[in-house]
Structure formats: C-alpha cells, structure tokens
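Asks: Right, I'll just put the structure down here and ask away after.
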Amino acid sequence: MLPAVSNKSFGLFFSAGFLLAALTGAIGLGWLREPRQYRTDPPISAALEGFRLMPNAIGGAPPEVYFALGKPYEGTAYDLSQGKRLYSWFGCASCHGEGEGGAGPAFLDGWWLYGPSMVSIVASIRDGRPHDMPAFRDKMTIDQIWQLAGYVKSIGAYSAKLTAPSRNDAPQTRPAENRAPAAILFNEGSASVHPDQGPSP
Amino acid sequence: MKAARAALPISMLLSGCGGIQSALDPQGHSAILLRDLILVIVAICSLVWLAVMIVLVWALLRRRDREPGDGQGSDRGMRIWVSGAVAATVLIISGLTIGSFYTTRGLNGAKNPDVTIRVRAQQWWWQFIYEDTDPARNFQTANELHIPVGKEVRVRLESVDVIHSFWVPSLAGKLDLIPGRENVLTFRAERSGVYRGQCAEFCGLQHSHMAFFIIAESEESYRQWAGAQRQSGAEPVEAETSAGKAVFAARQCAACHTIRGTAAAGTTGPDLTHIGSRRTIAAGLLENTRGSLAAWIADPQTLKPGNNMPIVPLSSDELRQLSAYMESLK
Amino acid sequence: MADGAPAVWAVNMQLGQMLPYVDCRRETSWTLTATFAAAFLAAAGALSSSCGHAVTVSRMMLFISRLSALVGFAFAFPLLLQGAATLLLSACER
Amino acid sequence: MTIEPGRSAATDAGPNEAELERRLTQTWSSQRGFWGAVASVDHKVIARRYIVTALVFLALGGLLALAMRIQLARPEARFIDADRYNQIFTMHGSNMMFLFAVPVMEAMAVYLVPLMVGTRNIAFPRLNAFSYWIFLAGGLLLWISFALDTAPDVGWFAYAPLSGPEYGAGKRADIWAQMITFTELSALAIAVEIVVTVLKQRAPGMSLDRIPLLVWSMLVMASLVIMAMPAIMFASSTLIMDRLVGTQFYNPAEGGDALLWQHLFWFFGHPEVYIIFLPAVGMVSTILPTFVRRPIFGYLPLVMALIATGVLAFGLWVHHMFVVGLPRLGESFFTASSMAIAIPAGIQIFCWLATLWAGRPVFKVPLLFLIGFIVTFVIGGLTGVMVASVPFDSQVHDTYFVVAHFHYVLIGGAVFPLIAAIYYWFPKMTGRMMSERLGRWAFWLIFIGFHVTFFPMHILGLQGMPRRIYTYQPDLPWGTLNLFVSLSSVVLSLGFLIFFIDIIRSWSSGRPAGENPWNASTLEWATGSPPPPYNFRAIPVVDTRDPLWSQPDELPVTSGLRSDRRELLISSVVEALPEARESSPQDSVWPFWAAIATSIMLIWSIFSPWAIVWGSVPIAVTLIGWFWPKGAAEDES
C-alpha cells in the first residue's frame, strides 16, 4: 500500500518542480519580451533626430540612441502597429496605396528606390524626396516618423518579423505584413512609377 | 500624481451636483423610469432575502425536542411548505418579468426626434457631429454635447475602431457602439444641468479616461450655442494669440486637428474650432483652463499615457502662445 | 414525453433571435405563434409525463417520468414568459 | 453477489484479506521516484495534483486582486500604470475562471466521483494524466507571459476587434487565446472521463435514483463542458487565425462580424458559470446531510433542478449582450429564461432549508461555510434576477454592480462550498483532520471580509462606476467607498491566508482521521483515509441512497475481479446491473510526453501556421507510444 508519507513528499516535490519549471520557462522565453514605450523622453526624441546620411542621401547611420534602445521601431509590435495607424492617419495611402503604389512608388515589391535602411526611410519621410514626396517634418514628431518608417519597412520586408502586424479590420487588398509580401512579389520586379528616377535625390 | 493635482480643479466645476453620473439621481425621462424599476425590484428582492434569512435562522436555532424525523409526517409538511415557496417564487418571478417588459415598452423613444447627433467613438475620445438638413450647417465638437431640455434627442452611435459604450446614467441606459453597425438611442433630459457620461465597454489602454459631458440647457441658449459653434474659429486679436496661431500652423498640430477658418484641417484628433468654449479637455480628464491646456500640450503622455497625441517639442514661449490661442477659441 | 421540452425551448430561443427581424419587416407575428406553440408542446409533454405515473410500474420508470414531468414544467414556464414578451413588445424595438 | 471470475488466475474471491490487499497494492500502485510519479494514472494522485495547482493559482489570482484594490483605493493613483492594470485584470479574470474555478471543480470530480460510485479508477486514466499536464502547461504559459510583460490585456472576454489583429499588437491576445485552448482541452478530457465513469462504472445497485447528488452534479457539469467548451475553442482558434493567417471571421469589412465573437464567447461563457456552480450545488447537497444527521430532503427535485439549470444555462448567453443593440423582443426571450432559472435555484435553496429544518445541525466548520453559502448565494441569485431584466441591465451592465453580482455568485456560490468541501474531504484525501479552531477564524474572516468587500460594489455600480477602469477622477463620488472596499479586501485575504496556512499545517501535522470521521453516508467513506491505490478491497453493492447509514456495520460486496491485473466493473446505465469486467490501463509516461508535444505545437502555432504541420509529427509519435499494445490480450469473459 502506498503510504501517506510518499504522497506528501510527492506534493512537496511537485510544488518545487512547479516553481522550477516556471522559472526556467520564464528565462527561456525571455527573448519574447516586448517592452512598450508609450512616452519617449524628449531628450531621446531629440537624439533620434541626429541620424547621419551620406551625401547621396541613401546610406547612413542611425543615432547611437537607436541601438541603445534595442532598435525598437523595427521589432516592437506596439510601435509597428502605431506606425500602421500613422500610415492611414497621415494619408500615405493617397499616393502609395496600401503599399502597392500609385502616384508614389510601391513598397510591397521589396524594391527600394532609396534602399531599405531605416535611416533612408526616415529621411524620405522627414525631408521628402523628388517627384512630389512631401516632407513630413512639420506634420509628425520624430518618434512618429520612426514608427512609420518601421512599419513601411515591414510592408516591403522579404522575411517577416514575428512582431509584424497582420490584416486590418478593412477590406483586404494585399498580403498582410506578417506574410512577408515582398517574398511573394519581389520577383515580379519593381513597380516603379518614375522610371527616370535615379538613385541620387 | 501630476494628473491628480491637475485634475483637482474639476471638482469645482462639478460641485453642487453630487450624483452627476449616477443611475440613482435620474434627470432624464428614461433614467427616471429605470430608477423606479430598480427601486421596485431591489425592494422586492430584499424582502425575499429577508424571508429566506428568517427561515434559515429559524431552521438552525429552533428547539428540537423530538427525534429528527425520518417520519413521513414531517416530510409531508415540508413538502407542502417547499411547494408553496416554489409557487411564490413563480409568482414573484413572473411579476418581475412582466414589469420589466412594461418598462422596456415605456422606454420607447419618439419617432421624430428634435435633434439628431452622430456619435463617432474612438480610442479614447468622443466625436459628436451635429447634422443638419443642409450639410453646410453641420458642425462637430468633441467630448461635449449640448442638448435642449425637454426635447427628444437621438444619437446615432458608430465606432471608428473598437467597441465602446455610450452611457450617461443620469439620462438613459447604455448602448454599445460597434464597428460595422449603427445603434440608435433616444433620450430626453427633463431638467437642465451638466451630466457626465463615460465609455462603459472596455476599449483598451485609456478606457478609464474616456468621459464626456452632456449640457442640457434651455432651447434658446442651445440655439445660441449651436449658432456660435457653426462659426469659424475666432480670429486672434492679441499679439500672443496670433503668435499662437502661427505656432499651431507651423508645428505638427495642424496635421491632426481642424480649426475651421484656418488651413488646419487634420481629422485624426478632435476638432478644435471652439475648444475654448468647452468645459474640459482630453475627454473629461482636465478642466479647461489655460494652465491645463499648457500642461496637456506639453506632455499629454504623462497625463494620459498611451493616447494618440504625441509630445510635440515646443519652447516655453511657443507653449504659452499656443495655450493662449487655444483658450481664445471660444 | 417532456424530454422534448428542453429541445422545444432551445429551438424557440434560436427563433427568438431570427424571427423578430422578419416580423418587423413584413409585419407578421411569427414570433408569437412559434412561442405559444412551443409553450403548449412543453406543457403538454410535462402533463403526459406526470399522467404516466399511473401506468408505469418499475421504480426506475417512475423516477424518470417524474423527473421528465418536473423538467417539462421548468421549461414551460420560461416559454410562457416569452409568450408574454411577444404580446407586450413590438418586433421592431431595438 | 459474485461476478463470473476469470478462467484461471487470482480473483478477489479467493485469498484472505491481508493477502488480497497485498496483491491489489502491487497491481494498482505506482512506482516510486520521479518517473513513477510522472507516469502515475491513479485518479487520486492526479486529482490531488490538480487541486494543489489550482489552489496555487487561486492564491496568485488573489494577489492580483489585491494589487488592483491598492490601485483603486485612491483616485488617480499611480501604483500600477494603465498598461499593467489592464494586464492584471485580464490575468485575474482568466486565471480565476480557467486556471482555478473550472479545474478545481473538475479535480474534485476526478478525486471523488470514482470513490463515490465505488470503482477502482476513473475511465480513461491516461487521458486524465494527459489532461493535467496540458492544464499545467496552459497555466505556465499565462503566468510566464505575465512575468515577461506580454500578458493579455484585452480582458478575460477578449472582445474582437480589440483583441483582433489591428488593435491587439504583439502576441498578448494570442497567448490568451492559446491558453484557452490548453485549459479547454484539459477540461474536455476530464468531462469525457466523468461522463463515462458515472454512466458505466457505478457500483452494482447504484441505479439512477441512488446516485449521490455530488455525482449527479458532476455528470451535469461534465455534459455542460462537452457542449459549451467547443464554442470557445472554436472562437479562440478563429481569433488566432484572424490574427495570424488573415482570416476574416470578426472583420465586418469583409463580411465577418464583431458580434459573432460575443455570441460564441457567451455561448460558452454563461454555461461556464454553471460549470463552476453546479458542482458546488452537489457539494452542498452531499455535505449538508452529514452535518444535520438526516438524508437530504427532495432528492428528485434537486436532480431536476440540476438538469434544468444545466439546460437553461445554454439559453442565457444574450443577457451578457443586452446593450449591443439586438431587437428588444429577442432579448426579452433571454430575460424570460434568465428569470426562469430562479425557479430551480429556488427549489435547491428550499430543499436545503427544509433539510436543515428537519435535521439536527452540528456546527462544524464545513456547515459554517454552507450557512455562509446560503446567506451569500441568495443575494447573488437575487442580483442575478435583477440583471436579467433588460432595462435594469442597461443601467448596471459593465459597472461595479455586475462585479459585485458575479463575485457573490462565484465566491459565495462556489468558493464557499469549495472550502467547505476541502474541510470535509481533506481527511479523506490526506488522512488528517484540518483544524477546527483555525477553520472558524478563517470562516468568520472570509465571510465578513467578503461581504464588506463586495457589498459596497453594488452601490458603486449604481453610482455609475464602470468596470475595468484603472483609475477614476477625484471629483467623482466613489473615493470613500473604494477606499473602504480596498481596506476590507485585506480582511478577506487574511481569511484566505489562514485557510492556506491551515491546509499546509494540517497536511503535515493534523490529527489523524479514521475511515469515516464525520460519520457520513456515501461510499468514499467506506475505505481507508487516504484511500489505497485500488480504492476498495472489494467493489461494494448499493441498495439505498445512503449506504453507510443503512448498512453501518458491513457493506455487501461483490467479488470476481482479478487482483493480479487492473480490472474494473462495468455496469448498466440505468439500473447499474453488472455487465462486464474491463481492464484498466497501466501507468505510462507517454501522456506526459504527448502533453509536452501538444504544448510545443500549440505555443509554436502562435508564431507560425506551419506549427500545425510540423508540430503534429511529435504528437503522432507520442500517441503511437501511448496506444502501443503490449502484454497479454484482453480477457474477454
């Protein structure tokens, strides 16, 4: 007969195991952490302005603070989803459609006129580009521009991030960002609307 | 802490009306009917509870002289009592149900309302659009609704994003705003006053700070107010306010907010054409003073974390001018 | 037997979600008809179960038929209340 | 009564008692050590594990509640920020419903039902082991996500579209939805076991009208689980699909419907309340007679009430949706049904009162909690009648009135009986008594603490305080009452603290209990405390509702089951006449591995739909291991 003592030791053993499993699980899943930054401190915002561009205004380097924060605007689901809302609030769709392009170039195809780097996309939004891309410097704050840039980059991502948003609560016009649309559409070639547009601004 | 201190002045605004958001202090036709129903049901249910408690205490403490009965006699007696109690329950429940149906009938609004307002709820504020037969006379406001006393008011409820719920307990019961659907609620304020309402369906981060005010006033002052609201934003007269207007146009503000009569035509945030005339800002969070306007513009993310207004970097002069301009938009 | 009462009630709950739209649009009264029919069925089932006592002999059958009768009445009651609702409320009210 | 024995080998008819016990122990007990414990399929071992884990979740959920009360004690407090608060109230609700209330009730069923119907193990014991590991994995998933700041923040009801792809950024809502799948999977598994155990494994003679009321209630509860849980599993899976692969179930722009979620959720969510409450009804109806020294009054109406409540539970879901703008006529149907459920509830209360009236109450701790239950639950039931009315509900829906109402029903209606049940069956489960003195302290602190905490919430709700707000403004007239409620909640938690201390203390050093310390009447008291691995030396035969009262000296028993292998007695559904002998599975570690494989697939599928494809391979492997035939062929007699 299994005596009561053995049952009891099993109970204790079990609670210890329970705690241990929880602990190891927490550590093991630590990489999933998604801190949400609702309020960017003004000094950090100011520092985010300080990215540097090469003379061709394509390549460049983000500010140090961007790395210190852990590159949040590309990988944090919250920032990506805010970027998605900014995309519709600031009327990006009027020229770029839902990413398929229009008066402005497409993002979905993964062909980037000014390269896929964050700095270049941020510069495009902040300062504008030739052929009627307006500057949003006076319309958005710099944090918003970074959020939007992160989202725009995810529209044309060749491999989707785990944190990429999926469909909107709206009519579906294209594959969602978490399906890596560029991987589907890249080979169809660039849908550039200004064939004369060279790399230099 | 900051918010607590900043919010304190509202108490002055609200003082004198303790039950400003209370189902027990009804000031509207529907809410009065509902209060009566609530009181009747609560009274009946309290009596039922008391009866059960008396029986319970009696059953526990009664003197037991004889052996407890497996005897058929006591069982038969109990069967009669239990059946009687069940019959009483059936009667009470039927009464309450039918009474509830009658109240539902009474809540029916009039077919032809005097005022119709479109409500578009969004995370985390209320957009109120006063519609006229002539679209040129449409105007909109945010987080503050003026209605004429004694008139049937119909609100057409839509949601821009997630599910919200329109609830002004002093005037009527609540009704949800659901994306993809339109709900209609009709109510009538019986007395003039300021009534607070609040989103009652969990709608995300700042669900707690999504309040609005309904100001019920005489027909005449309502007409005056509506006429004033149809005007474009006031032209600044002082140097400070015109500097504020320039700041508004030059900085990020105009991308999200509209001030009719200026170039600012953003639609993401509330219409600010007459923000100076509103009692509160930020969906009932702060009383509308120049100080709280400045506090809000300077750091909306500390006062209401996660809302969609960004921190716009401004110098202290710009901040002062901008808040003066906002205050002047009566 | 009254075992059908819950089923009748369940069907009527579903109809109550669909028929008011039809009734409002076409000015019919299907909700009312369906509800009273359901209430009648449930009550009749319950009565037949309770009358069944006389003929059933085995202890288990007696237990089951009594149980069915009580359950049948328990479902006839909400059906009657629903009938009252169809009389008192119009199908168009939202 | 004897059953035709197997052809040759050892049966329980032959040898003397000591020899028989030795053989049965050898056959039924699990191996010692870690793997022995993991592989065990003994329903008592698994149920105890389940109960302990669920109580741990209760304590954790209670801590969350305290954190919320600290935040709400003052207006515009900054103890917890909005984001964390939303996670906390979501965690509190989900944890209490899915990780505490339902599992603990099912665990009580897993422990008690086989003993009360007089069988040796539950049906499908390996599924039972699997179910526990899945439940544990789901609980860990939720709590680890909380530790990592990725806990769901959409409420325990997770209304679309707030939980949908556009407004629920990150994996928070996915974690909630997948936690649902875990816990419902484990709940469904147990429900199936209970239905089969009750219908096919009852002791000879335990016909339908002699089944203990607890077993009846568990049978109804299990049927409810089987019918309600698929709705929520469908809902949570479609939500994940909407979020991950872009289906459109809840997207009105593409022909989906945001209200579909609410219909599906509440079609599960309302029966859920009765899944928690009906076992409590069974506990009350079983414990009460013991402490008033007479059989329950009104067995038949109580069974009817259980069944009627169970069925009516499926016609109440729209009363959670009275303010979404459905036709008033359709809504009033749900008013009628919700009001009508007061009739079976009333019948239960009246029958218990009659039992109390006719008996001689012995005021031990379990009876105290039952009295507390009646006082509290009647209030919860009556406020339930109130919110069943459409117009009444339009004022109190989503306010603190409803918070008060369902805490009266869930704590008053289910947790009080559960505590009574733990005091009552603790001696059976551990062989030791809990402290009468600490128990009285716990009762008075919990009872008074509960009422002073939750009663004022009714008033707060009528004063217009909505639910799920992380703070309120100082000028609203709710500050004083909220502070009072927060202070009262300390009293309540003190009571629970004493209760937990009593459990831990009594487990190691409580007074030893005999076989039947309360002089109760049902079969579980006819064997040792704690029961041996084989439950009963010989399967008892039942010819009344209260077998230990009518046959106080010696229960009649059957014989004929083999003692050298695990065998159960199968009986007929209605009359419980013996039909066959059935072998019962051996211990196995495969359910554990299957649960791990399933967990990997379910968690992976939050991130990639391919998880369903590749994750099913290890599951298939573990299932093959699980079902691999071994050893002797079935004894077909």
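Bear in mind that the values in this text are calculations on the coordinates, not laboratory data. This structure is a prediction, so every number in the text was calculated from the model and none was measured. Don't worry about glycine lacking a Cβ; one is built from the backbone with ideal geometry, like all the others, and counts go over all protein chains shown.
Asks: Of the cross-linked pairs A:Lys71/B:Lys245; A:Lys84/B:Lys304; D:Lys200/D:Lys630, which ones have a Cα-Cα span greater than 31 Å in the structure shown?
Replies: Checking Cα-Cα distances, A:Lys71/B:Lys245 exceed 31 Å.
Asks: Averaged over its residues, how many other protein chain Cβ atoms are within 10 Å of peptide A:170-177's Cβ atoms?
Replies: That average works out to 3.
Asks: Something else about it: How many Å³ per residue does the convex hull of the Cα positions in the protein assembly as shown occupy?
Replies: 180 Å³
Asks: Suppose every Lys and Arg Cβ carries +1 and every Asp and Glu Cβ carries -1, with no other charges. What dipole size does the protein assembly as shown come out with about its Cα centre, to the nearest 20 debye?
Replies: Approximately 2140 debye in magnitude.
Asks: A follow-up question, please. Scan the stretch D:201-283 for chymotrypsin sites (Phe, Trp or Tyr not before Pro) in coil per DSSP, keeping those whose Cβ has at most 14 other Cβ atoms within 10 Å, and list them by number.
Replies: none
Asks: Between B:Leu91 and B:Ser277, how many nm apart are label points set 7 Å from Cα along the C-beta direction?
Replies: Distance between the two pseudo-spin positions: 5.9 nm.
Asks: Based on alpha-carbon centroids, what's the gap between the stretch D:508-583 and the stretch D:108-137 in Å, whole number please?
Replies: That distance is 17 Å.
Asks: Okay, next question. Pull the list of chain C cysteines that no other Cys approaches to under 4.7 Å, Cβ to Cβ.
Replies: Cysteines of chain C left without a disulfide-compatible partner: C:Cys51.
Asks: Next question. How crowded by other chains is D:156-168, given as the mean number of beta carbons from other chains within 10 Å of each beta carbon?
Replies: Mean number of neighbouring Cβ atoms from other chains: 6.
Asks: If you average the alpha carbon positions of the stretch D:285-310 and of the stretch D:187-226, how far apart do those two centres end up, in angstrom?
Replies: 16 Å
Asks: Could you go through the stretch D:311-320 in sequence order and give the Karplus-derived ³J(HN,Hα) for each residue, using 6.51 cos²θ - 1.76 cosθ + 1.60 with θ = phi - 60°, rounded to whole Hz, and x for Gly and Pro?
Replies: Computed from phi, the couplings for the stretch D:311-320 are 6, 4, 4, 7, x, 10, 5, 5, 6, 8 Hz.
Asks: May I ask for the longest run of chain D untouched by GluC sites (Glu not before Pro) that are loop-located per DSSP and have at most 11 neighbouring C-beta atoms (other than their own) within 10 Å?
Replies: D:1-553
Asks: Moving on. Return one number: the angle in degrees, 0 to 90 and rounded to the nearest 10, between the long axis of the Cα atoms of helix B:72-106 and the longest principal axis of the Cα atoms of chain B.
Replies: Roughly 30 degrees between the two axes.
Asks: Using a simple spin-label model with points 7 Å from Cα along the Cα→Cβ vector, what separation in nm is obtained for D:Glu575 and D:Ala147?
Replies: My value for the distance between the label points is 5.8 nm.
Asks: How would D:Met434, D:Met218 line up from fewest to most surrounding beta-carbon atoms within 10 angstrom?
Replies: By the 10 Å Cβ count, ascending: D:Met434, D:Met218.
Asks: In whole Hz, with x marking every Gly and Pro, tabulate ³J(HN,Hα) for the stretch D:49-61 from phi via Karplus 6.51 cos²θ - 1.76 cosθ + 1.60, θ = phi - 60°.
Replies: Each residue's phi maps through the Karplus curve to give 4, 4, 5, 4, 4, 4, 5, 4, 5, 4, 5, 4, x Hz.
Asks: Compute, for the stretch B:207-270, the length of the dipole vector about the Cα centre, with Cβ point charges of +1 (Lys, Arg) and -1 (Asp, Glu) only. Units Debye, rounded to 20.
Replies: Dipole magnitude for the stretch B:207-270 comes out near 300 debye.
Asks: If you don't mind, there's one more thing I want to ask. Please arrange D:Ser236, D:Ser29 by how many other C-beta atoms lie within 10 Å of their C-beta, fewest to most.
Replies: Least to most surrounded, the residues fall as D:Ser29, D:Ser236.
Asks: Calculate, for B:Arg105 and D:Glu554, the FRET efficiency according to 1/(1 + (r/R0)^6) with r their C-beta to C-beta distance and R0 60 Å; round to the nearest 0.05.
Replies: 0.35
Asks: In addition: So what's the gap between the Cα centers of the stretch D:316-376 and the stretch B:244-260, to the nearest angstrom?
Replies: With the stretch D:316-376 and the stretch B:244-260 each reduced to a Cα centre, they are spaced 59 Å.
Asks: Another question, then. Run the helix sum for chain B: -39,500 (n - 2.57) per DSSP H stretch of 4+ residues, divided by residue count, reported at 222 nm to the nearest 500 deg cm²/dmol.
Replies: For chain B, the value works out to -13000 deg cm²/dmol.
Asks: Okay, next question. Efficiency by 1/(1 + (r/R0)^6): what FRET value for B:Glu235 and C:Val22, r their Cβ-Cβ distance, R0 = 35 Å, to the nearest 0.05?
Replies: The formula returns an efficiency of 0.05 here.
Asks: Where does chain D land at 222 nm, in deg cm²/dmol rounded to the nearest 500, when only DSSP H runs of n ≥ 4 count, each adding -39500 (n - 2.57), divided by all residues?
Replies: For chain D, the value works out to -21000 deg cm²/dmol.
Asks: Can you give me the three principal axis dimensions of the stretch B:115-230 from its C-alpha atoms, in Å, biggest first?
Replies: Principal axes ranked by extent give 39, 31, 21 Å for the Cα atoms.
Asks: With θ taken as phi - 60° and the coefficients 6.51, -1.76 and 1.60, list the Karplus ³J(HN,Hα) couplings across the stretch D:545-550 in order, rounded to whole Hz; mark glycine and proline as x.
Replies: 6, 10, x, 6, 8, 7
Asks: Calculate the spin-label point distance for C:Leu62 paired with B:Lys330, positioning each point 7 Å from the Cα along the beta-carbon direction, and give it in nanometres.
Replies: 8.9 nm
Asks: Against the longest alpha carbon principal axis of chain D, how many degrees, from 0 to 90 and to the nearest 10, is the axis of helix D:342-358 turned?
Replies: Once rounded, one gets 50 degrees.
Asks: On C-alpha positions alone, give me the angle between the axis of helix C:59-88 and the longest principal axis of chain C, in degrees, nearest 10.
Replies: 20 degrees
Asks: Moving on to the next point. Let me spell out the model: positive unit charges on the Cβ of Lys and Arg, negative unit charges on the Cβ of Asp and Glu, origin at the Cα centre of chain D. What dipole size does that give, in debye rounded to 20?
Replies: Once rounded to the nearest 20, the dipole reads 1340 debye.
Asks: A:Asp138 to D:Ala253: FRET efficiency via 1/(1 + (r/R0)^6), r the Cβ-Cβ distance, R0 35 Å, to the nearest 0.05?
Replies: Computed FRET efficiency for A:Asp138 and D:Ala253: 0.60.
Asks: Longest span of chain D, sites excluded, free of trypsin sites (Lys or Arg not before Pro) in DSSP loop with at most 11 other C-beta atoms within 10 Å?
Replies: D:8-629
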